[in-house]
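So the structure is just underneath, and the comments pick up after that.
The values are calculated or read from the model by the stated rules, or taken from the named source; none is laboratory data. All figures in this text were calculated on a predicted structure; none of them were measured in a lab. Cβ coordinates were reconstructed from backbone atoms using ideal geometry, including for glycine residues, and neighbour counts include every protein chain displayed.
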C-alpha cells in the first residue's frame, strides 16, 4: 500500500456511487466530491440517509475509507461578505454543507472563505469564523466530521491568502469546538498568492512550517494542482502536475515531506474527458496518469 493517501475529484455523472467507482479505478485511496451543485447556495438542500448508505456500500466494496472522503462546499458561498444578506445566506449554506457531509459520513468539508469586498479584511475574517461557529452549533458532531478552510489565490479581496488570515478565522471558534475545524492547502493557490513552494525543498518545508506555527496545527489536507499562470499572479487556474508554472519537482518534494503524511492529497487537475456517460465506471485518463506520476515521485 502506498505510504501516501492520494485522491481525485472524479466526475459524478450517474450519482455519487459512480464517482466512487471512478476514483477507485484511477488508483485513488481518497476522493473529493460535491454533495449538491457547486454553483448554488444549496442552503435548503438535504441528503437522504438512503443515498448515503448506497455510497457507503460502494466505498466499502472498492476499499476507500470514509475518513478519506472530503466534501468540497459550493463555490458561491461568501462567508466573508460585508453584505449581510449574502453573508447570512452563505452561513446557512455552510451549515447545510456540514449537515450533508455528516449524513454522508465523510471526514470533512472544505470551503473557500470568500471575499471581503470593500469591507475591512479583519472584520471579514471574523465573519468567516462566525460562520464556522454557526455551522458547528447547528450540526451535531458525528464521527469527527470537520469544517476546513481552504487557502485562496488572493484575487481581489478574497480571504484566506495568508496563514495569518486563516489563523484569525479559526481564532473565532471556541476551544470546545476547535477540534471540529481546521484548514487545508491548495498548491496552485499558494503559488498564485506568492508563497514560495517551488524554488527549493527547504523553502517549501519552511512555508508549511510557517502555516503550522501561525495557525497552531498542520494542514488537514492538500489539493495538488499545478498552475496555468505565473508565480504571484493571484489567478486560480489549475494545470496537470508538471505541465504548469510550478513544475514537477516541487510535487516530488511535497509528497516526500512529513507534512503530507497521513492526510488526503487530492488532485483537482483538469480532466481529459469532456463528456462522461452516466454508466461509465472507468477513470478519467488524466486522473490515472497523475496518480501514477505521484506514486513514482515517492522515495524508495
Open item on the list: For the stretch 241-254: of the residues being touching a strand residue (DSSP E or B) at 6+ places or on another chain (Cβ under 8 Å) and not in a loop (DSSP other than H, G, I, E, B), which is surrounded by the most Cβ atoms within 10 Å (Cβ to Cβ)?
Closed with: 251
Task: Hits in the stretch 255-265 (condition: farther than 14 Å from residue 2 by Cβ and either loosely packed, with under 13 Cβ neighbours inside 10 Å or touching a strand residue (DSSP E or B) at 6+ places or on another chain (Cβ under 7 Å) (or both)) - done: 258
Open item on the list: Just to be sure I understand the filter: pairs with C-beta atoms under 7 Å, separated by 6 or more residues or on different chains, first member in the stretch 220-240 and at negative phi and surrounded by 19 or more Cβ atoms within 10 Å (Cβ to Cβ), second member assigned to a loop (DSSP other than H, G, I, E, B) and at pLDDT below 95. Which pairs pass?
Closed with: 236/155
Task: Any hit, the stretch 67-87, residues being out of contact with any strand residue (DSSP E or B) (no Cβ under 6 Å at 6 or more places or on another chain), in contact (Cβ under 8 Å) with a residue 24 or more places away in the chain, in a helix (DSSP H, G or I) and buried (at least 18 other Cβ atoms within 10 Å of the Cβ) - done: yes
TODO: Inspect all residues belonging to the stretch 39-58 and state whether any of them is under 22 Å from residue 268 (Cβ atoms), in contact (Cβ under 8 Å) with a residue 40 or more places away in the chain, under 19 Å from the mean Cα position of the chain (by Cα) and assigned to a strand (DSSP E or B).
DONE: no
Task: Scope the stretch 271-300; condition surrounded by fewer than 14 Cβ atoms within 10 Å (Cβ to Cβ), touching a residue at least 12 places away in the same chain (Cβ under 8 Å) and either closer than 29 Å to residue 218 by Cβ or touching a strand residue (DSSP E or B) at 6+ places or on another chain (Cβ under 9 Å) (or both); matching residues - done: 292, 298, 299
Open item on the list: Tell me whether the stretch 133-147 contains one or more residues that are buried (at least 19 other Cβ atoms within 10 Å of the Cβ), in contact (Cβ under 8 Å) with a residue 12 or more places away in the chain, within 14 Å of residue 78 (Cβ to Cβ) and touching a strand residue (DSSP E or B) at 6+ places or on another chain (Cβ under 7 Å).
Closed with: no
Open item on the list: Let me spell it out: the conditions are (1) crowded, with 24+ Cβ neighbours inside 10 Å; (2) free of Cβ contacts under 8 Å to residues at least 60 places away in the same chain; (3) within 23 Å of residue 195 (Cβ to Cβ), and residue 152 meets all of them except one. Which number is the exception?
Closed with: (2)
Task: Sole exception among (1) in contact (Cβ under 8 Å) with a residue 60 or more places away in the chain; (2) under 23 Å from residue 165 (Cβ atoms); (3) buried (at least 19 other Cβ atoms within 10 Å of the Cβ) for residue 268, by number - done: (3)
Open item on the list: Here's a check for you: in the stretch 3-27, which residue that is touching a helix residue (DSSP H, G or I) at 6+ places or on another chain (Cβ under 6 Å) and part of a loop (DSSP other than H, G, I, E, B) is surrounded by the most Cβ atoms within 10 Å (Cβ to Cβ)?
Closed with: 10
